[in-house]
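Read-outs throughout are calculated quantities, based only on the coordinates presented, and are distinct from any laboratory measurement. As the structure is a computational prediction, the values presented were derived from the model and not from experiment. Here the Cβ positions follow ideal geometry from the backbone for every residue, glycine too, while neighbour counts run over all protein chains shown.
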Ligand SMILES: Cc1ncc(COP(=O)(O)O)c(C=O)c1O
């Protein structure tokens, strides 16, 4: 599209660039987009097959009701406290639609999920990034920011750092607007902030089935919060944002907690193992509470060069080229075989 057709607010726009998705079946070791190394539950695959039937001629439930009920039961909340999204990303976008008007501030600690900045541009909101201090401590000016919408990614991406509920609650208490706590990676962390919801009217928690349920390809996320905030999200969403197959998959995934736990346990134990091996190769490895490691190659090896050399060997990791994380790499936790290939390639270089 010629740039002149773009609305004025999007001149010089740099869209969010998702991690590389090479064609399936080419044998890539994909450690760049934080997908699950293990497959989805067989019960999910069965539910998907069952849902592929004649009822597809009918629109799905606008509120994804079966999934909404299953998620509410899982978290011991009311269905009115759950909103479904086409991936967590859509819930982030719905939060902008509902809570951030043109010219409003949207505050978040940086570095963090790079989707937030382009969404500010799209919604003509004022991006208010706040540099995070040493070891992931949020700046006081972030806590005190009067923005009507704030985001906290916890555990954070790409750094993997995790903040306990005391620090999160301080931000919520100091905030006059809505605070969205993005818990995309929380299943790999010590604990969630969902327990804070009954105490706070201005808090939403976002979750995704893309990571710890191995369903990135299905696009299912959900928000939890008080019914008023959830109704606000529902009011601005697309009418039928989850299709019938996604709804069926979501119910089956939430109900197969044993499979979900298996994925989490694999990732957490492989995270420790891979971290130790990378340290043995003199990488700096940050503390991670997520399904990835944030690492810096040893002195004398540039992160970008390492990522490029890995790519030549069909191994994908995410690289960062801008300060303050220039030279760092984010490596998704994979299978032991994938880790062996990665470590072998790093040794060869
Ligand atoms: C911090 C964060 N939030 C939300 C998401 C959204 O995930 P999805 O849209 O796949 O549910 C991601 C995906 O990588 C993420 O890193």
Can you give the relative contact order of the chain as a percent, counting alpha carbon pairs under 8 Å and 6+ residues apart?
23 percent
Tell me the relative contact order for segment 276-337 as a rounded percent, counting alpha carbon contacts under 8 Å between residues six or more apart.
30 percent
Which value in nm describes the separation of the simple spin-label points at residue 78 and residue 269, placed 7 Å from the Cα toward the beta carbon?
4.2 nm
Potential extension, residue 344-residue 55 segment - 0.36 nm per residue separation minus Cα distance
99.1 nm
So the label point goes 7 Å from the Cα of residue 277 along Cα→C-beta, right? Which residues of segment 29-54 then have their backbone N under 19 Å from it?
29-39
Report Rg(Cα)/(2.2 N^0.38 Å) for the chain, keeping two decimals.
0.99
Residue 144 paired with residue 12, simple spin-label distance in nm, labels 7 Å along Cα-to-beta-carbon
3.0 nm
For segment 2-68, just say rounded, prolate or oblate: build the C-alpha gyration tensor, square-root its eigenvalues into a ≥ b ≥ c, call rounded for a/c under 1.5, and beyond that prolate if a/b exceeds b/c, oblate if not.
oblate
Rounded to the nearest 5, what % of the DSSP beta bridges within the chain are antiparallel ones?
45 percent
Express in nm, to one decimal, how much length is gained between residue 131 and residue 258 on full extension, taking 0.36 nm for each residue of separation and deducting their alpha carbon distance.
41.8 nm
Compute the FRET efficiency between residue 117 and residue 20 as 1/(1 + (r/R0)^6), taking r as their Cβ-Cβ distance and R0 = 22 Å, and round to the nearest 0.05.
0.65
